[in-house]
1. Test GLU17 against the criterion of being closer than 20 Å to VAL112 by Cβ and acidic (Asp, Glu), and give yes or no.
2. Of the residues that sit in the range 30-59 and are polar (S, T, N, Q) and either under 23 Å from the mean Cα position of the chain (by Cα) or not assigned by TED's automatic domain parsing to the domain that holds ALA77 (or both), which one is farthest from LEU99 (Cα to Cα)?
3. If I ask for residues that are touching a helix residue (DSSP H, G or I) at 6+ places or on another chain (Cβ under 8 Å) and among the charged types (D, E, K, R), which ones from the range 121-172 would you list?
4. Can you work out which of the residues in the range 123-181 that are surrounded by 10 or more Cβ atoms within 10 Å (Cβ to Cβ) and outside any helix (DSSP H, G or I) is modelled with the lowest pLDDT?
5. Looking at (1) under 14 Å from the mean Cα position of the chain (by Cα); (2) closer than 16 Å to ILE27 by Cβ; (3) buried (at least 17 other Cβ atoms within 10 Å of the Cβ), find the lone condition where GLY114 falls short.
6. Among the candidates ARG7, ARG62, which residue alone is surrounded by 13 or more Cβ atoms within 10 Å (Cβ to Cβ), of a type outside the set (S, T, N, Q) and either on the phi > 0 side of the Ramachandran plot or more than 15 Å from the chain's Cα centre (by Cα) (or both)?
7. Could you list, ordered by first residue, the pairs with Cβ atoms under 7 Å in which the first is in the range 79-95 and among the hydroxyl-bearing types (Ser, Thr, Tyr) and the second is in a helix (DSSP H, G or I), at least 6 apart or interchain?
Amino acid sequence: MAITKKRKAELITNYGELLEKSQAVIIATYGGMNMPQFNKVRAQVRGVQAEFHVAKNTLISRTFKDAGYNVPDEWLAGPTAVSFCFGDPPALAKVLGQLSNEIENLKVVGGVVGGQALDVNGVKDLATLPSLEVLRAQIIGAITAQASGLVGALNAAVGGVMYALQAKIDKEQQAEVPTSA
């Protein structure tokens, strides 16, 4: 069934809005998947703050070009699905990688992160990165460790000055106290 020009324009606008909100986009082929498999993919992708859309190649290609993304034409051949990631890109890459191992007809072909195209190996590498929460914890840990070291050094310096002042006060107090004979 042919799509009207109005509907095509709506889809391009919709894809563009999704692309603007996305941290990453992962492209896959899905030929031969059944509805229970689609439902499983959509549910798991939704669980990592993403959406899985079956896309018309010409329309999604135009959307990528309009956004300035250089996506190879061979990624948009055959039945294509696009996952728009609104949260943690490594989490989406992990989910799609696991699902492509379970579902024979789902194959990741590439993706776009930060405007840069990633081939299938790049998406696999993305999946090996720690999650955003883990990265935040690591950064906070590194900052905290540096701050703790600085606080310790400052406490030691202040403690040394205080010890020296107390020693001087004690010495002066001993000199002022007359000894009884």
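The values are calculated or read from the model by the stated rules, or taken from the named source; none is laboratory data. All figures in this text were calculated on a predicted structure; none of them were measured in a lab. Quick reminder, even Gly has a Cβ in these numbers, built from the backbone with ideal geometry, and neighbours come from all protein chains shown.
1. It is true that GLU17 is closer than 20 Å to VAL112 by Cβ and acidic (Asp, Glu).
2. GLN49
3. Result: LYS124, single match.
4. SER131
5. The failed condition is (3).
6. ARG62
7. Once the first residue is among the hydroxyl-bearing types (Ser, Thr, Tyr) and sits in the range 79-95, its partners that are in a helix (DSSP H, G or I) give THR80/ASN57; THR80/ILE60; SER83/VAL45; SER83/LEU92; SER83/LEU96.
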